[in-house]
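Structure first, then comments.
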Amino acid sequence: MLTEPRRRAYLDAMQIVQWLPRAELPFAAPSRPELFIELEPEPESEVQPEPAIAAVARLPVETPRPKVAKLEIPRPAPAQPKAKAKAEEPAKASEPAAAPVPPPRFALQLLRAGRCLLLVELPTGEAFQSRDPAYLLLKDMLRAAGLPDSPKMVGDPVRWPLLTRGNLDQGPQAATDFVQGFVAAQTEREPCTCLWLVGLPALRFGGASDADGYQRHWQVEGLGDAWGVPGLELLMDEPQRKAAVWQSMRALMPRWITPE
């Protein structure tokens, strides 16, 4: 026989909240009268709602009509008035300008050998040393040209750009003006019969020429006669160029060799 506490423990374990015994239980707590009140059934509504599925089934079914494609005739766009075209001109003018050309980078050394000035590209960017292969090649070229093989350096190397910061114009034209002005100042101190332009930067910024100026001579305004020579590093990498340099040199040697 179960006591009331154990009976409630079993009911709680079975998650039964309310229960009514079919017979009087011994040792049970007295029943609560409100549990025996029968609730009146709710009156049924006269109109029963139709099920959703049945209501949908009774809706009239419409047969879809085929769509007729409309043929559109393209029409020419109306001519825009001239006033609008004029209004668009300032918009085009306000487009951003092209990016400025970055300054060129090079290092040149000016030397004097006899009656010639030599504007030579520095292959490493540093001043010549006595045992540099490029400097030894230059000495060989001077001996072959009949000039002193120990040229005198004129001033410090010209390194471009001059400034790493600031708003100073250091473009190609500014570089040309600076290099030619520097060489012109030396020719005023002591005239020269021929200016050697050795290397592409020397041709571009000293003689306003390009690679087509190799083995060629021409007049540079304010500087006199100039002769274009490939760079020393290029001559070492491509020795076959030396023959063309030698032939061009032989034609110009009378300009700087003083007759005895």
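When Lys and Arg each count +1 and Asp and Glu each count -1, what net charge do the other residues less than 13 Å away from L147, Cβ to Cβ, add up to?
+4
Report the convex hull volume per residue for the range 184-260, counting only C-alpha atoms, in Å³.
102
Which length gain, in nm to one decimal place, applies between M236 and R165 when the Cα-Cα distance is subtracted from 0.36 nm times their residue separation?
22.0 nm
Quote to one decimal, in nm, the extra length available between Q129 and R8 on full extension: 0.36 nm per residue of separation minus the C-alpha distance between them.
Result for the pair: 32.6 nm of gain on full extension.
In whole Å, what three semi-axes, largest first, describe the equivalent ellipsoid of the range 106-256 built from its Cα gyration tensor (square root of 5 times each eigenvalue)? Each step should come with its number before you reach the end.
Numbers: eigenvalues 108, 59, 46 Å².
Taking √(5λ) for each Cα gyration eigenvalue gives 23, 17, 15 Å.
State the antiparallel share, in %, of DSSP beta bridges confined to the range 106-256, rounding to the nearest 5. All intermediate terms of the calculation are to be shown ahead of the outcome.
Numbers: 16 of 26 bridges.
About 60 percent, rounded to the nearest 5.
Could you compute the net charge surrounding M236? Neighbours are other residues with a C-beta less than 13 Å from the C-beta of M236; K and R count +1, D and E count -1. The partial results should precede the final answer.
Numbers: positive: R241, K242; negative: E121, D132, D140, E233, D237, E238.
Surrounding charge for M236 is -4.
Taking neighbour Cβ counts within 10 Å as the exposure measure, how do W160, W246, W227, W196 sort from fewest upward?
Values: W160 19, W246 13, W227 26, W196 29.
By the 10 Å Cβ count, ascending: W246, W160, W227, W196.
A short reminder: the numbers here are calculations on the coordinates, not readings from a lab. Note that the structure is predicted; figures quoted are calculated from it, not measured. As a convention, Cβ positions derive from the backbone with ideal geometry for all residues, glycine included, and neighbour counts pool all protein chains shown.
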